[in-house]
Amino acid sequence: MSGLVLAIIIAAVVVLVGIASTVRRSSRRRALRNRFGPEYDHTVENADSRKAAEHDLRERASQRDELNIREITPGAAARFLQQWQLVQQEFVDAPIPAVQDAQELVTRVMNERGYPTPTAETRELMLSVDHADVMDNYRAATEIEGRSTAGNATTEELRQAMQHYRAIFDRLLGDAPTASDSAYPSNERSADVSSGDVTVMRGTQAGPGA
């Protein structure tokens, strides 16, 4: 076999290997995009490189797949819904503690389902695998909740945090029946536990940032 033929064969093999590698990489990237949705772009934007971001996402998926995630039983769902209604009532007169309690309630529901909840980072990472489409809201809620402890969140922001926490709360309950609750108007002060609606006067004190 002449040197020229051998060189051509080697070059062809290199090209084929490169094509196979590109196809494999594209397939893995497509699988990550399909699984994580908007969380894929969020992770890439906040990582040093796309390679590092994709490694992070694969690690999250691997950890999540090792968990035994359970459905919420009807009894547990009823108990959590009752607790949420109490948090909503609390929001009328004490919005800052109510938002903190809403965050804690979401954590308890996660724990009930089998998610690890030792740290805020762990909770966020595991939620991002199964509920990527509401992670922007979840992060916004936790950011507001964090600022509220220093009195740097307005009443309207606290209201939004409650809405965001409710979105992930409903998602974690899954198919369990939930009370109708999607709005927190801020032009009057009232609470209706049966419907789940909570409204707060704009003058409600939420700390120095209100």
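This table checks each residue for (1) β-branched (Val, Ile, Thr); (2) in the same structural domain as residue 94 (by TED's automatic domain parsing); (3) in contact with a Lys or Arg (Cβ under 9 Å, 6 or more places away or on another chain); (4) at positive phi.
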{"residue": "122", "(1), (2), (3), (4)": "yes, yes, no, no"}
{"residue": "125", "(1), (2), (3), (4)": "no, yes, yes, no"}
{"residue": "128", "(1), (2), (3), (4)": "no, yes, yes, no"}
{"residue": "135", "(1), (2), (3), (4)": "no, yes, no, no"}
{"residue": "139", "(1), (2), (3), (4)": "no, yes, no, no"}
{"residue": "144", "(1), (2), (3), (4)": "yes, yes, no, no"}
{"residue": "149", "(1), (2), (3), (4)": "yes, yes, no, no"}
{"residue": "154", "(1), (2), (3), (4)": "yes, yes, no, no"}
{"residue": "160", "(1), (2), (3), (4)": "no, yes, no, no"}
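Just one of the numbered conditions (1) touching a Phe, Trp or Tyr at 6+ places or on another chain (Cβ under 9 Å); (2) modelled with pLDDT of 85 or more; (3) of a type outside the set (S, T, N, Q); (4) in a helix (DSSP H, G or I) is not true of residue 29: (2). Taking the stated definitions as given, is residue 52 in a helix (DSSP H, G or I), over 19 Å from the mean Cα position of the chain (by Cα) and modelled with pLDDT under 90? Answer is no for this residue. Tally up the residues in segment 105-121 that are of a type outside the set (Lys, Arg), in a helix (DSSP H, G or I) and in contact with a helix residue (DSSP H, G or I) (Cβ under 9 Å, 6 or more places away or on another chain), please. The qualifying residues number 7. Those residues that are closer than 22 Å to residue 39 by Cβ and either loosely packed, with under 14 Cβ neighbours inside 10 Å or not hydrophobic (A, V, I, L, M, F, W, C) (or both), I need them from segment 73-111; list them, please. 103, 107, 111 - these are the residues of segment 73-111 that are closer than 22 Å to residue 39 by Cβ and either loosely packed, with under 14 Cβ neighbours inside 10 Å or not hydrophobic (A, V, I, L, M, F, W, C) (or both). Just name the residue that is surrounded by the fewest Cβ atoms within 10 Å (Cβ to Cβ) out of those in segment 32-72 that are more than 21 Å from residue 133 (Cβ to Cβ) and in contact (Cβ under 8 Å) with a residue 40 or more places away in the chain. Across segment 32-72, the extreme among qualifying residues is 68.
The values are calculated or read from the model by the stated rules, or taken from the named source; none is laboratory data. Keep in mind that what you see is a predicted model, and the values were worked out from it rather than measured. Using ideal geometry, Cβ is built from the backbone for each residue, glycine included, and neighbour counts are taken over all protein chains shown.
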